[in-house]
Structure formats: structure tokens, C-alpha cells
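Asker: Below are the C-alpha cells for one structure; questions will follow.
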Amino acid sequence: MQLNDEDAEIIAAAREGFMEEAGDMLRQFEQALLTLESTPDDTEMLNAAFRAAHTIKGTAGLFGFTHVVSFTHGVESVMEDLRSGTLPLSAELFAVLLACRDQMEKLMDEVVSGQASDAVAQRSRELTDDLLKLRGAAPSAPAPRTSPSAATATAASAITPSGGLWHLTLRFGNDALRNGLDPLAFIRYLRNLGELVAVHTWRDPIPDLQQLDAESCHLGFDIALRTERGHDDIAAVFEFAEDDCGIHILSPDTNAETYLSLGAELGLDGQALAAWLDVLRLQGCQIESTAPSLGQPVGEESSDHQATAPIEPAATADVIDAHPAERRSAPQPDRRVNDQGRRAGDAKFIRVRADKLDKLIDLIGELVIASSGAQLAAHQEGAPLVTEATQRIHDLVQEARDGALGLRMVPIGETFSRFQRVVRDVCKNLGKDVDLQITGADTELDKSMVETIADPLMHLVRNSLDHGIEPSEERAASGKNPRGQLALHAYHESGTIVIEVSDDGRGLNRERILSKAIERGLVGPEQTLSDAEVHQLICHPGFSTAEQVTDISGRGVGMDVVKRNIEALRGQMMLASEAGRGTTTQIRLPLTLAIIDGFLCEVGDVHYVVPLEMVVECIETPREHRQAMDQVTGYFDLRGETLPYLDLARHFGVKPQVNSRRSLLLVRAGIGTIGLIVDKLAGEHQTVIKPLGSMFAQVRGLAGSTILGSGDVALILDVPALVSQCIQNSHQLRSHADGPLHRE
């Protein structure tokens, strides 16, 4: 069947939606299996795994992805045996089912690429044989391989059943289309079970054009299906339609009394019943002549009721080759779920293209800049009414900003849950016993950061499993619990997202790290470093203390990539470790990468923005700075606490404003608190983050730029980098008594 451009676009969008849903179902399937492995009595997880496999198989069949269907059918059959109790849970079974999960993902990738792989086909056959052996059945014979793009064309011709003739009576409800069902898709899928001998279409009376609702369904079908499959396999095709369709499946040995009873259940009598029975006779049902009939010769169509057409097994995908006729008395199907409640639940979520969301955020950002410009103009004009109106606009823009940014926030729990499989597989490979604990899974993070942070977290988890946590025998010998603990934790703190990866393993070996660093020339033999500084050495490119290279870690790649990726997100990474007690890696990230609340200040003729959540307080310049105004860094006393400060003018080589009353902006990042010396404080400012050009790539301490309402450009400070550099320089200042430390 040739599709027009509009239909092709609709089908392409539906296929894309299927692929997204399939990815969700694969994650659900894997999560359920991993939970079952630790808690075998969890029947809800068993049912969840079965539903996920069944959903993938059923939806794939609607699009003609027959190789996905045939492979997933074997997985579904095993899950059904587990549910019925005929197949016991075992380590071997879990290993095969998880391998099948990976194989389903590869088959999905083939659907996307349109390219079939012989290696993937061979792996499918191997896993299918493994499933059959687990069920105690004989291995399957090899099947010919076809391209996913040709799957629909070959689906029907690949099946040549010799089973009995089943009869299906389907009466779709009025809301079937409105609830997302496609009656034709279910009928097409029946070809995967056998031969569609005939399909007859019925219709309800069509309302007048003024009352006609294009989303209302007025269709019913009677179908003759020749198949060797049983009742349950046929019923499974319509599992997702049972709430919107009256479904009756009659076996090949059904007698006439049963057909008459079904006709009465459908509300048919008199001429309507006779017309229906004649359709069944045309389709091959054995109904005695004593049953009511219109008396019409076989093969002649009734002018009012029947439209029966034989369907060849290799016919096109459009199996309804029939003239619609009126279905007079068939009632609406029973509703197992309240329509209004179900639609309300469905309306809670909607998929939105990521590029559309990004465009919305960009527009909100421009609106923020325009709102600031309007406020500035109103303030300069001194018009009270205009100032009041612009303030109202400013408040609404801020609400719109928060709402738009909230659309991009997603729970980090989905990313965390992926590591359950990683921990299982790595531990099997290493022969270790590790328990993964996840807390704070509902903590929300910008979607773009969730996608970027997955790889750094993978490095940290694998390093903890390989280097950190000891084998069970070693742990028991040292008095520890033989079962290791690995924890993933996320929470909000001071306007940032904190993610922690911690283990109770052997911890970082300070002496080994320091020895390796001296060997590579990273530090001098006489240089004294704190524990935190020693720990940071492992983030140098190519640095590794592993005595043996494995397929998991030890090649000196990973931690430098982790740190670089985190810093690219304007975040920071800190390490804390205690020998014999374990290691904790803490990652701090901003809430969003698009728009932030900032604090505006001036240094010379340059505007700078500090993220507001990092600002602690503003005070006048301390006495210690006034006594050494030519220093870039130094120390000052804040209510009995000694803290370092950084003079931004001298740090960036900017000439301070003449006769300005300079101030100290106290800021806090994860690794410490410092004071920033600035010329002027301008207050809070909504900041739209824009990237810096390549010429600023080597300038430390800058995270981006923004446009003020006046049209001037302001630079956004990278506070964690400034804090780190200031503390490092202050340590050097303390260790040199020969004079002040000047900027290089």
C-alpha cells in the first residue's frame, strides 16, 4: 500500500515514539530482573518484567518488526513459565534473560539503522536455543534472515499454518481511536499468528456531519483466522485493546448454539442476526442450516449488511479489503476502566521534542534580557507608572523562567538505576560481592546534565568496584563485612546538586600516589602536600597506580576525563578517602546551564556576575587588604576565622576604579570560602548564560557571559575555579616568607 506524505510522516512519528517506549520498557525489564535476582519472591517485579517483554513484542508487531517479535516471544514465553511456576528461578536463567535484554536492544538498533547483521541474527538464534533448553524444549532450526526494512513485506508469507479455523468477533468502542488505538494495526498483527482467511467490516450508523466526531470509532470486525496457535496467544494480541473493544474468540470446534448465544450477547435478533450468521458461513464457520439465515446464496453480498473478503497470506498490509456495511445492533463493549479517569491519568505526561524545549528556553532567556532593558529604561525615565508596569513584567518573566526551566528537570534516579546492571556484571567478572545502595533518586537535575554526567559516574563506579572494594576473603580477614557497600547519593545544597559516589573499600593509598607522582615529575621530592592535594593527583591525565591493567580499569584513563567533563558543566569534583575505610567522590553541579540568579558587581569598567547561591555576604574591604593593596591574594580575619581573599582587579589585570569604595564579596564553593575584592556592588540580576568565544578558553575563572539590560556584556565568574586557585596561591604565600605573592 502506497502511503502519502502525511501518512508516512505520521507513521514515522509513531515509529519514533515506539523506539522511545521500547527503551523505557527495556530499562523496566532489566530493573525488574535485577530486583528479582535479589528478591526472588517479588511477584510484582516478575509481572513487571513480563509486561515489559509483552509490550515490546506487541508494539513491535504493530509496526511489522518481525525479528523483534519472534525473539521477544521466546523471552515472553519464559516469563510466562516463571509466572505460572513451571520454571524455577536460577542464576543461569537470570544470566540468559539479561543477555536477551541486551539482544533486544541490538535488534532495536537494527530497526533504527535499517541494516541487518548476520552476527546479530546468529546471536538471536543462540539465545533462543538457550531459552528453549531452559524450558526443556528442543533447539529451534535456523531461520532465514531479512532486513528490518523488508520485515513487513515478508511477515505474512513467512507463515504457512495448517491449523484450525478460529473466529474472532471484535466490536470497538466509541473512544477507541481517541484513546490511541488503531483497529487496523491489530488485524495486521494477526498475520504473525497465521493466515487471515477473511475479514468482514461492520459499522454503526454514522451521525450527521454537524454531530460527527472524527475521533469517534464506529467499526466492528468479524475475522476468520487459520492458525496453530491457541486461545491465549490470540487473546494476547488484543491485551491493550480489551478496555476499548468487545473481544470474542471462538475455537474451530465451536458449535452453532455457541454462535447463537454470542449473537444474543451482541444484541442481534431477526434480520441482523441472520445477516451476521451468513457472514460467518461465508468465512467458513460450520453453522447448521437450522440457524437463522437470510437465505441468500453464498458469494452474493447483502445490500445492507455484509462485506466479506478473503485475504491472501501475502497480501498487502491493508487487510481490510471490504465495503463497510451497517452494524445495527451491536452494543458498546463493557468498560473495565473508567474512561474519564484513564484519560485524566494519560494527560499527566506528554512527550516534547528536545529541540523545541531548547528553543523555548532560548526565547525565555531573550525575554529576561529584554525585561531587564525595560526596567533600566523605566528607571532612567523616572516614570512611576512605567516602573510599576515593568516590575510586574519582570515578576511574570521570572515565573515563566522558573516554569520553563522546570520542564527540563528530570529525576536522576533513572541514571542511578542503570548502575545496578553495571555492578552486577562487574562483580560477576571480578568475583566480588557488592551491595549497591541508592538514595536521593528523586533529586531533579537539568536533563542536559543528566545525559552528560552518566559517563563520569560510570568511571567512578567501575573504579570503586575494581580498585576500591576488596574481595570478600580480604574484607573478612581485615574484620569487615564480606559484602562490600557501594552508595550513590544525590541531594540539593545551597542552590547546587551534589552527587556522591562512596565505597567502604581499602581507600586511596597516599604513599603509592605520592611515589607515582614523584616518579612522573608531577611533584618534587621535598614538596609537602595535604591529603586533599595528594588525592587530586589521580586526576592528572594518564595517572594510574594500578599494578595490573584489566578490561575494567588501570590504563590511566578515566579520572582526568571525569574531572574535565564535570568542569565543563561548571561543576567541581572533590575526593575524600581514609585508608582502610573507603573513598567518597563528591560532584557539585549547578541546577541549570541556561539561566541563573546572579549577583552583579563591577571591577574597573568590567561587569562580573557571581552565581547568587554561592554568595554568603558583602562587607567592606578588610584591614589586611588595605595594608597590602598590591597583593593578588592574602588572608583576612572574619569574626575570628582566617580566610583567604582574591583581588579580582589584580587577578584579571584590570585597573581598579578611581576613588571607589571597594567591597569584599564573601563566596562559598564546595572546597572552601574566600573573599572577592570588587569595586562596586550592583545587586541581584537574572543572568542568561551565553558561551565565551574560543579566545577566552584559556582564561581561568570565567564560566560564561551574559548581556545586561543596557546592552553591555558581563562576564560570569567560575567561583569554584577561583576558590581553588585562591586557596592554592594562599598556601604558597604562607610557605614563602620572603615577600608577597604577585600574579604571574
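Asker: Exactly one condition in (1) touching a Pro at 6+ places or on another chain (Cβ under 8 Å); (2) crowded, with 18+ Cβ neighbours inside 10 Å; (3) modelled with pLDDT of 85 or more is not met by Ala176; state its number.
Answerer: That leaves (3) as the condition not met.
Asker: In region 540-578, which residue that is buried (at least 17 other Cβ atoms within 10 Å of the Cβ) and in a strand (DSSP E or B) is modelled with the lowest pLDDT?
Answerer: Looking at residues that are buried (at least 17 other Cβ atoms within 10 Å of the Cβ) and in a strand (DSSP E or B), I get Gln572.
Asker: Another question, if that's okay. Please determine, by comparing only the residues of region 477-497 that are at pLDDT 90 or above and closer than 30 Å to Glu613 by Cβ, which one is farthest from the chain's Cα centre (by Cα).
Answerer: Leu486
Asker: Which of the following residues is under 22 Å from Ala568 (Cβ atoms) and either at pLDDT below 85 or not hydroxyl-bearing (Ser, Thr, Tyr) (or both): Pro656, Pro622, Pro691?
Answerer: Details: Pro656 fails: under 22 Å from Ala568 (Cβ atoms); Pro622 fails: under 22 Å from Ala568 (Cβ atoms).
It is Pro691.
Asker: Within region 715-723, is even one residue assigned to a strand (DSSP E or B), modelled with pLDDT of 85 or more, β-branched (Val, Ile, Thr) and surrounded by fewer than 17 Cβ atoms within 10 Å (Cβ to Cβ)? Even if it seems obvious, please write down each step before you answer.
Answerer: Restricting attention to region 715-723, the residues satisfying the condition of being assigned to a strand (DSSP E or B) are 715-717.
Retained after the next criterion (residues that are modelled with pLDDT of 85 or more): 715-717.
Narrowing the set further to residues that are β-branched (Val, Ile, Thr) leaves 716.
If we keep only those that are surrounded by fewer than 17 Cβ atoms within 10 Å (Cβ to Cβ) as well, we get none.
No - not one qualifying residue is present in region 715-723.
Asker: Which members of region 677-692 meet the condition of being under 14 Å from Ile595 (Cβ atoms), surrounded by fewer than 22 Cβ atoms within 10 Å (Cβ to Cβ) and among the aliphatic types (A, V, I, L, M)?
Answerer: Listed by number, the list holds a single entry, Ile689.
Asker: So, in region 449-481, how many residues would count as being surrounded by fewer than 17 Cβ atoms within 10 Å (Cβ to Cβ), within 18 Å of Gly571 (Cβ to Cβ) and in contact (Cβ under 8 Å) with a residue 60 or more places away in the chain? Don't jump to the end; show me each part of the working.
Answerer: Step one: filter region 449-481 for residues surrounded by fewer than 17 Cβ atoms within 10 Å (Cβ to Cβ), giving 451, 454-455, 458, 471, 473-474, 476-479, 481.
Adding the requirement that they be within 18 Å of Gly571 (Cβ to Cβ) leaves 451, 454-455, 458.
Now restrict to residues that are in contact (Cβ under 8 Å) with a residue 60 or more places away in the chain: 455.
Total satisfying the criteria: 1.
Asker: Moving on. Only residues that are without any contact (Cβ under 8 Å) to a residue 40 or more places away in the chain and in a strand (DSSP E or B): list them for region 629-686, please.
Answerer: Of all residues in region 629-686, those without any contact (Cβ under 8 Å) to a residue 40 or more places away in the chain come to 629, 636-643, 647, 658-660.
Residues satisfying the conditions are Phe636, Asp637, Leu638, Glu641, Thr642, Leu643, Asp647.
Asker: Still on this structure, I have one more. How many residues, within region 238-264, are surrounded by 19 or more Cβ atoms within 10 Å (Cβ to Cβ) and of a type in the set (Ser, Thr, Tyr)?
Answerer: The number of residues fulfilling the criteria is 1.
Asker: Being modelled with pLDDT under 85 and either assigned to a strand (DSSP E or B) or farther than 14 Å from Leu676 by Cβ (or both) is true for just one of Glu602, Glu617, Glu613. Which residue is that? Before you say what the answer is, go through the steps one by one.
Answerer: Working: Glu602 fails: modelled with pLDDT under 85; Glu617 fails: modelled with pLDDT under 85.
Step by step, each of Glu602, Glu617, Glu613 is checked, and only Glu613 is modelled with pLDDT under 85 and either assigned to a strand (DSSP E or B) or farther than 14 Å from Leu676 by Cβ (or both).
Asker: Another question about this same structure. The conditions are (1) surrounded by 18 or more Cβ atoms within 10 Å (Cβ to Cβ); (2) modelled with pLDDT under 85; (3) in contact with a Lys or Arg (Cβ under 9 Å, 6 or more places away or on another chain), and Tyr189 fails exactly one of them. Which is it?
Answerer: (3)
Asker: Okay, moving on. Filter region 92-118 down to residues that are hydrophobic (A, V, I, L, M, F, W, C), under 10 Å from Asp130 (Cβ atoms) and touching a Leu at 6+ places or on another chain (Cβ under 8 Å), then give me how many there are. Spell out how you get there, then give the answer.
Answerer: Applying the first criterion (hydrophobic (A, V, I, L, M, F, W, C)) to region 92-118 yields 93-100, 104, 107-108, 111-112, 116.
Still in the running and under 10 Å from Asp130 (Cβ atoms): 93, 95-97, 99-100.
Narrowing the set further to residues that are touching a Leu at 6+ places or on another chain (Cβ under 8 Å) leaves 93, 96-97, 99-100.
Going through region 92-118 one residue at a time, the tally reaches 5.
Asker: Moving on to the next point. Going through Asp446, Asp442, Asp433 one at a time, which residue ends up being closer than 18 Å to Thr583 by Cα and either touching a residue at least 24 places away in the same chain (Cβ under 8 Å) or of a type in the set (Ser, Thr, Tyr) (or both)?
Answerer: Working: Asp446 fails: closer than 18 Å to Thr583 by Cα; Asp442 fails: closer than 18 Å to Thr583 by Cα.
Answer to the check: Asp433.
Asker: Only one residue in Arg662, Arg581, Arg588 is within 30 Å of Asp560 (Cα to Cα), of a type in the set (Lys, Arg) and surrounded by 17 or more Cβ atoms within 10 Å (Cβ to Cβ). Which one? First the steps, then the outcome.
Answerer: Working: Arg662 fails: within 30 Å of Asp560 (Cα to Cα); Arg581 fails: surrounded by 17 or more Cβ atoms within 10 Å (Cβ to Cβ).
Just a single option satisfies the conditions, and that option is Arg588.
Asker: Would you kindly identify the helices (runs of 4 or more DSSP H) lying entirely within region 26-141 that contain at least 1 residues that are outside the structural domain of Glu16 (by TED's automatic domain parsing)?
Answerer: Values: elements: 43-62, 66-84, 91-113, 118-134.
Per the criteria, no element qualifies.
Asker: Run Ser502 past the list (1) of a type outside the set (Lys, Arg); (2) under 30 Å from Leu436 (Cα atoms); (3) without any contact (Cβ under 8 Å) to a residue 40 or more places away in the chain and report the number of the one that doesn't hold.
Answerer: Answer for Ser502: the failing condition is (3).
Asker: Determine whether Glu44 is closer than 22 Å to Arg123 by Cα, modelled with pLDDT of 75 or more and of a type in the set (Asp, Glu).
Answerer: On the way: closer than 22 Å to Arg123 by Cα: no; modelled with pLDDT of 75 or more: yes; of a type in the set (Asp, Glu): yes.
No: the conditions fail for Glu44.
Asker: Going residue by residue through region 462-474, is there one that turns out to be of a type in the set (Ser, Thr, Tyr) and closer than 15 Å to Thr585 by Cβ? I'd like the intermediate steps shown before the answer.
Answerer: From region 462-474, those of a type in the set (Ser, Thr, Tyr) are 464, 472; that's our starting set.
Now restrict to residues that are closer than 15 Å to Thr585 by Cβ: 464.
Yes, because at least one residue in region 462-474 is of a type in the set (Ser, Thr, Tyr) and closer than 15 Å to Thr585 by Cβ.
Asker: Okay, next question. Tell me which of these Leu407 doesn't satisfy, since it passes every other one: (1) out of contact with any strand residue (DSSP E or B) (no Cβ under 9 Å at 6 or more places or on another chain); (2) without any contact (Cβ under 8 Å) to a residue 60 or more places away in the chain; (3) of a type in the set (A, V, I, L, M, F, W, C); (4) buried (at least 17 other Cβ atoms within 10 Å of the Cβ).
Answerer: Condition not satisfied by Leu407: (4).
Asker: Report, by residue number, each residue of region 694-708 that is of a type outside the set (A, V, I, L, M), part of a loop (DSSP other than H, G, I, E, B) and at pLDDT below 75.
Answerer: Taking region 694-708 as the starting set, the residues that turn out to be of a type outside the set (A, V, I, L, M) are 694, 696, 698, 700-701, 704-706.
Retained after the next criterion (residues that are part of a loop (DSSP other than H, G, I, E, B)): 698, 700-701.
Across region 694-708, the qualifying residue is only Gln698.
The values are calculated or read from the model by the stated rules, or taken from the named source; none is laboratory data. Predicted model, so just to flag it, every value in this text is computed and none were measured. In this analysis, Cβ positions are derived from the backbone assuming ideal geometry, glycine residues included, and neighbour counts consider all displayed protein chains.
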